[in-house]
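Notes for the one structure printed next.
The values are calculated or read from the model by the stated rules, or taken from the named source; none is laboratory data. What you see is a predicted model; the values in this text were computed from it and never measured. Cβ sites come from the backbone with ideal geometry, for glycine too, and all protein chains shown count toward neighbours.
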Amino acid sequence: MTAFQGTALVTGAASGIGLAVAERLAADGARVVLADLDAAKAEAASARLNASGHVTAATGCDVADEASAAAAVAFAAERFGPVGLLVNNAGHVHQARFEDLAAADFDRMIAVHLRGTFLMTRAALPAMLEAGSGIVVNMASQLGQIGGIELVHYSAAKAGIIGLTKALSREVSARGIRVNAVAPGPINTPLVRALSQDWQAKKRGELPLGRFGEPEDVAGTVAFLASTDAAIFVGQTLGPNSGDVML
């Protein structure tokens, strides 16, 4: 496997899956920009990686804001060259029964996950198309495939990401851009730990593997999709999900 070696931009990279992805890509030789709403936390993570000999930088980014998304892509290009790998990972979680959801709850979920994926990809895609090559990896969820109790809005947003991934692949694959998605099951991250203990216990009991995954499990899947071994993977949704979804 030949790992990705160019400029990578990872959103939501200050912690959890995003940080694990940034660490893995940097270890594989990529120049990585860590983008996160919490700019200070992203800067601290980047400093730790650079102290270990990696090449990274950090920037604040609200993926739901059009100007902020464009600025993050421009920052990456200025520091390390045009973005050749975009990992749309920024996420947000909120737990509630459907009948208790406010429109603002739904709108925020769609804004961060689905609108954010759209805006970041739209900002990065022109340079990829000009170069005739590029990779986009979108972070979906197994709940976008099977749904989740008390997570209707989250499930809807993630299902939208899977649909976006498939449709965009049909538009740009022939022009050298590979777009795929990763749909993790529950992973030991701050986002999952923010869900209720009852929800976590029930979900753990549903998993054939009997346990949640680790951020590094997802990072390995992203690294594969960014590598030459995934050269004919387009529009796919890979599932490091502890068996919650079996296709």
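Key figures for this structure:
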item	result
Residue in the range 134-143 that is buried (at least 24 other Cβ atoms within 10 Å of the Cβ), at pLDDT 95 or above and part of a helix (DSSP H, G or I) present	yes
Yes/no for Ala67 being within 22 Å of Pro82 (Cβ to Cβ) and surrounded by 24 or more Cβ atoms within 10 Å (Cβ to Cβ)	no
Enumeration of residues in the range 145-173 that are of a type in the set (A, V, I, L, M, F, W, C) and either under 17 Å from the mean Cα position of the chain (by Cα) or part of a loop (DSSP other than H, G, I, E, B) (or both)	Ile149, Leu151, Ala156, Ala157, Ala159, Ile161, Ile162, Leu164, Leu168
Residue ranges of helices (runs of 4 or more DSSP H) in the range 186-233 with at least 2 members of a type in the set (A, V, I, L, M) and over 25 Å from Ala3 (Cα atoms)	190-193
Residue pairs meeting the criteria (Cβ under 6 Å; at least 6 apart or on separate chains; first at positive phi and surrounded by 15 or more Cβ atoms within 10 Å (Cβ to Cβ), in the range 91-111; second assigned to a helix (DSSP H, G or I) and among the hydrophobic types (A, V, I, L, M, F, W, C))	none
Test: residue in the range 43-62 that is crowded, with 22+ Cβ neighbours inside 10 Å, within 13 Å of the chain's Cα centre (by Cα) and of a type in the set (A, V, I, L, M)	no
Residue tally, condition within 17 Å of Ala131 (Cβ to Cβ), assigned to a loop (DSSP other than H, G, I, E, B) and not aromatic (Phe, Trp, Tyr), over the range 1-31	3
Qualifying residue in the range 192-210 (condition: under 25 Å from Ala104 (Cα atoms), among the polar types (S, T, N, Q) and touching an Asp or Glu at 6+ places or on another chain (Cβ under 9 Å))	yes
Residue match in the range 174-185 (condition: assigned to a loop (DSSP other than H, G, I, E, B) and of a type in the set (Val, Ile, Thr))	no
Test for Val172: is it farther than 13 Å from Ser141 by Cβ and at pLDDT 90 or above	yes
Any chance Arg115 is of a type in the set (Lys, Arg) and surrounded by fewer than 17 Cβ atoms within 10 Å (Cβ to Cβ)	no
Tally of residues being surrounded by 15 or more Cβ atoms within 10 Å (Cβ to Cβ) and closer than 11 Å to Arg178 by Cβ across the range 211-236	8
Test: residue in the range 75-84 that is under 30 Å from Gly176 (Cα atoms), touching a residue at least 40 places away in the same chain (Cβ under 8 Å) and part of a strand (DSSP E or B)	yes
Qualifying position, being farther than 15 Å from Val10 by Cβ, at pLDDT 95 or above, aliphatic (A, V, I, L, M) and outside any helix (DSSP H, G or I), among Ala70, Ala64, Ala104, Ala90	Ala64
Pick from the range 117-132, criterion among the small types (Gly, Ala, Ser) and in contact with a strand residue (DSSP E or B) (Cβ under 7 Å, 6 or more places away or on another chain), ranking: nearest to Leu191 (Cα to Cα)	Ala124
